[in-house]
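The values are calculated or read from the model by the stated rules, or taken from the named source; none is laboratory data. Since we're looking at a predicted model, the values are computed, not measured. Cβ placement follows ideal geometry from the backbone for every residue including glycine, while neighbour counts extend to all protein chains displayed. Just the protein is used for accessible areas: all its heavy atoms, side chains included, with ligands, DNA and RNA removed. Shrake-Rupley method; radii C 1.70, N 1.55, O 1.52, S 1.80 Å.
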Amino acid sequence: MMEMNENDSLPAFPGREERSLVASATRFLGHSGFYWGPLDVDEAHARLAPLPVGTFLIRDSMQTDVFFTLSYRSVDGPTSVRILLKGCGFVLDGSKHVFPCLFELLRFYMTLPKKSLKRPYRGPAPQGLQDLCRRAVVKTYGKENLEQLPVSTVLKDFLQSYPFSI
């Protein structure tokens, strides 16, 4: 079991880089719409069961030494896989591919030829126009070019709060 730091919601880490990595992922996930927080496996699978193959969500892991779990609808039904912190990167349990960013991990599995992951599940409510526009801008201009856009600081901050097109 990981030790909790006083005044912190994140467990203690072997290094500052790992803590920063998880804190950053948590912040971005909060803006993603497909992060469901403390959703248990049965409820996650019940939500995914009627959805198309490849639909996925991220939720908190029920294991104290793992932060996140990827739940997705596979051909055989809903499946869950732990997302492990390995050094300064994220890896799916059982995989050898390590990514410096959780969203790079998701993009990798979304672009594989067998496309295990196709689309995030953000729930039944329609998505907000601001979120849809933010993803469209990021997709069009790329995460790396957001700082150069000729827009206000407030809009740049909004774009950078979730600089992913997923």
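Evaluate the relative contact order of the chain (contact order divided by residue number), counting alpha-carbon pairs under 8 angstrom at least 6 apart; express in whole percent.
Working: 228 pairs, mean separation 29.6, N = 166.
Worked out over the chain, it gives 18 percent.
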Note, ³J(HN,Hα) from phi for segment 45-62, Karplus 6.51, -1.76, 1.60, rounded to Hz, x at Gly and Pro: 5, 5, 5, 7, 3, x, 8, x, 4, x, 6, 9, 8, 10, 9, 5, 7, 7
Given (i) 159; (ii) 141; (iii) 119, which label gives volume of the Cα convex hull per residue in Å³ as computed from the coordinates? (ii)
Please give the solvent-accessible surface of GLU104 in Å², to the nearest 10, using a probe radius of 1.4 Å with every protein chain present. 70 Å²
Candidates ASP76, ASP40, ASP93; GNM for the chain (alpha-carbon contacts under 10 Å) flags as most fluctuating ASP76
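If R₀ is 30 angstrom, what is the calculated FRET efficiency for the pair SER95 and ASP157, using the beta carbon separation as r and rounding to 0.05?
Numbers: r = 34 Å, r/R0 = 1.13.
That pair, SER95 with ASP157, gives E of 0.35.
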Taking amide hydrogens as modeled 1.01 Å from N in the peptide plane, which residues meet the under 5 Å criterion relative to PHE90, leaving out close sequence neighbours? PHE99, CYS101
What whole-number value in Å² describes the accessible area per residue of segment 16-124 for a 1.4 Å probe? 51 Å²
Give me the percent relative contact order of segment 48-130, please, defined on Cα pairs under 8 angstrom at least 6 residues apart. 25 percent
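Excluding GLY87 itself, what net charge comes from residues whose Cβ is under 14 Å from its Cβ, given Lys and Arg +1 and Asp and Glu -1? It would help to have the intermediate numbers written out before the result.
Numbers: positive: ARG16, ARG19, LYS86, LYS96; negative: GLU17, GLU18.
Within the 14 Å Cβ shell, the charges total +2.
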